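In what follows, a structure is listed as structure tokens, so that the remarks can point back to it.
What follows draws every value from the coordinates through simple rules; no lab data is involved. Treat the numbers as computed from the prediction; the structure is a model and nothing was measured. Note that we place each Cβ from the backbone using ideal geometry, even for glycine, and neighbour counts take in every protein chain shown.
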Amino acid sequence: MMLWASLLGLSLCLRTAAESCLAAAEAAIARAPERKQNMYTTTHLFKRHLAQFFCPMTASQQLTVAEIGVFHGHTTAVLAAVFHQVIAVDVEESYLRLASLQTNGSRNVVFLTGDSGADRWHAFRSNRIDAVVIDADHRYESVLADISNALSVKTVKHFAFHDYQAAGVRQAVAEFEERGALVNCQAIGSGWDGSAWYDGWNAETETKVSEGRLCRRGKLGNLAPSFVNKTFYVYQTPIAEFRKEMDCLFLAGRMTCSTLQGSWGFRGEARRLHILLDNPSGGSLEVLFNKDYTAFIMAYLGSTYFGLQEGLAFMAVKQANRLFKDAKRQPL
């Protein structure tokens, strides 16, 4: 009987906490303009769906959300009412100043200036991030990189995407759903039920694609890119002689070479890595992979280097040796 009473009391407490969370979120939503007044913000319905999804969770645990793309901070204010901590990131410092006004100096919001590239996600890996709201660059390559970087933070379990009606966002999210990295996805915001809505100011922008999408990390969300745990032989270009300059091994979030090492993350597009070097002087470099991640090009200290996956380098040498043996059988 006492156990039942305790469970009932806990249930009531959680329900009360969830209701308080929703009430605080609704107050923040009421202060925000609707998308009809500001086409660059999220709709009230999108904000409400986020609150309805996360408030039951935050009633029983302290969760942290990273918001990628802040603009004027109207969505940030709602997230601040729902989550224990909000990390808000935007490339425009002026947007962050406006956003800080919307959140009324809330102590649970941290504003960070910068893009969502490797340097920012490298910092996130040292913290616990439970959810991400991605509403930044809507180009396919950028969204692909944002999702890949978010998946590299192992604690992230929930992913919310705004402007899902944009072709680049929809294509990138669909690819990760097909791979099983994002699962249990549901439509949120305007058009969540398949009804038509206006993305812009006129009838030409009518769409039945939902404004947002909310997903969970799938079991395949922990799959590493195909170049991880692979060694590459690196040659300086132009290759005057068949002599490698260094070996480079890519690990999860790390690149270790014979003469340099650092932390990597995707930058701008899925095939481009941004490397933060560990050497005393710091610095960074970029690595651009080919389509199947078996070779790359990188610039370092004024020189250009070509990296080839170890297995392919062995195959080239083996093929060359076979041709030498064949040549010996042929008369000169």
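Applying the Karplus relation 6.51 cos²θ - 1.76 cosθ + 1.60 with θ = phi - 60° to the range 150-163 yields 3J(HN,Hα) values of 5, 5, 6, 8, 5, 7, 5, 10, 10, 10, 10, 10, 9, 6 Hz, where x marks Gly and Pro. The slack between Q236 and R15, meaning 0.36 nm per residue of separation minus the straight C-alpha distance, is 73.3 nm.
Extension gain, D247 to A30: 0.36 nm times the residue separation minus the Cα-Cα distance gives 72.4 nm.
Could you sort out which of K47/K208; K36/K154; K154/K230 sit more than 27 Å apart by Cα distance in this structure? Please report the intermediate quantities before stating the final value.
Working: K47/K208 19 Å; K36/K154 37 Å; K154/K230 21 Å.
In this structure, K36/K154 exceed 27 Å between Cα atoms.
Using DSSP, restrict attention to beta bridges with both residues in the range 13-222 and report what percent are antiparallel, rounded to the nearest 5. In the range 13-222, approximately 40 percent of DSSP beta bridges are antiparallel ones. Once the Cβ-Cβ distance of F53 and T259 is raised to the sixth power relative to R0 = 51 Å, the FRET efficiency obtained is 0.60.
Kindly provide the GluC sites (Glu not before Pro) of the range 61-99 that DSSP labels as loop, not H, G, I, E or B, and whose Cβ sees at most 16 other Cβ atoms within 10 Å. Before the final figure, lay out each step's value.
Details: sites: E67, E92, E93; in loops: E92.
Passing sites in the range 61-99 are E92.
On the basis of the beta-carbon distance and an R0 of 25 Å, L312 and S284 show a calculated FRET efficiency of 0.40. With each label modelled as a point 7 angstrom along the Cα→C-beta vector, the E204-L277 pair spans 4.9 nm.
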